[in-house]
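Please treat every number below as a calculation from the coordinates, not as lab data. Remember, predicted model here, so these are calculated numbers, not experimental data. Virtual Cβ from ideal backbone geometry, glycine too; neighbours counted across all protein chains shown.
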Amino acid sequence: MLDTGIIIDFYKGREGARRYWEAIRDGKARGAFSTITEAELWQGLRGPEEEQKHEVLLSFLERIVVDMHIARRAGNLCRQFHSLAIPDALIAASAELIGATLVSKNVIDFEPLQGVIPCEFY
């Protein structure tokens, strides 16, 4: 499960994100994103050219729609980890419920979840 930051870093050509994309492209890893991440990404796009590139990139990944199960788990995570923001909890719950590792560079927000949800930081 890719957090927003890794997709942004890929767009910016940052090396840390590249290895994850290569693994997805080569079929060595599954790539997924939450609709929460999708909303965060759409917020930052500038113009039709970026939007088109964005749609192509997302088409290579599995979209995980926030449903009642993800919402419930996210709420429980927020109760357990008071510093966890709702968007991050929804992304983490999405990863957990599909059996994926959450990949993020956002150590501060997601580190408390290590041991509860598989997390990998780059």
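Give the range of the longest stretch in the chain that excludes all trypsin sites (Lys or Arg not before Pro) found in loop regions by DSSP and having at most 10 other beta-carbon atoms within 10 Å. Formally, the longest exposed-site-free interval is 47-122. What residue among Ile64, Ile108, Ile36 has the largest mean-square fluctuation in a Gaussian network model of the chain, using Cα springs under 10 Å? Most flexible of the set in this elastic network: Ile108. Listed by chain and number, the lysines whose C-alpha is less than 17 Å from the C-alpha of Lys28, apart from same-chain residues fewer than 8 away, amount to an empty set. Around the Cα centre of the chain, unit charges on the Cβ atoms of Lys, Arg, Asp and Glu (plus for the first two, minus for the last two) sum to a dipole of about 200 debye.
Go through region 25-67 and name the chymotrypsin sites (Phe, Trp or Tyr not before Pro) that are in a DSSP coil and have 14 or fewer other Cβ atoms within 10 Å of their Cβ.
Phe60
Any idea which of Tyr11, Thr101, Val65 is furthest toward the positive side of the dipole for region 4-121, if Lys and Arg beta-carbons carry +1 and Asp and Glu beta-carbons -1? Result: Thr101, furthest along the dipole toward the positive end. Less than 16 Å from a label point 7 Å out along the Cα-to-Cβ axis of Asn76: which backbone N atoms in region 90-104 qualify, by residue? The answer is 90-100. How many percent of all Cα-Cα pairs in the chain sit more than 19 Å apart? So the portion of pairs separated by more than 19 Å is 44 percent.
Once you sort the root eigenvalues of the Cα gyration tensor of region 1-45 as a ≥ b ≥ c, which label holds: rounded (a/c under 1.5), prolate (a/b larger than b/c) or oblate (the other case)?
Verdict is oblate for region 1-45.
Compute the length gained on full extension between Leu45 and Ile108: take 0.36 nm times their separation in residues and subtract their Cα-Cα distance, giving the result in nm to one decimal.
Length gained, Leu45 through Ile108: 20.2 nm.
In order along region 106-112, the Karplus-derived 3J(HN,Hα) couplings, from 6.51 cos²θ - 1.76 cosθ + 1.60 at θ = phi - 60°, round to 7, 5, 4, 7, 9, 4, x Hz, and Gly and Pro are given as x.
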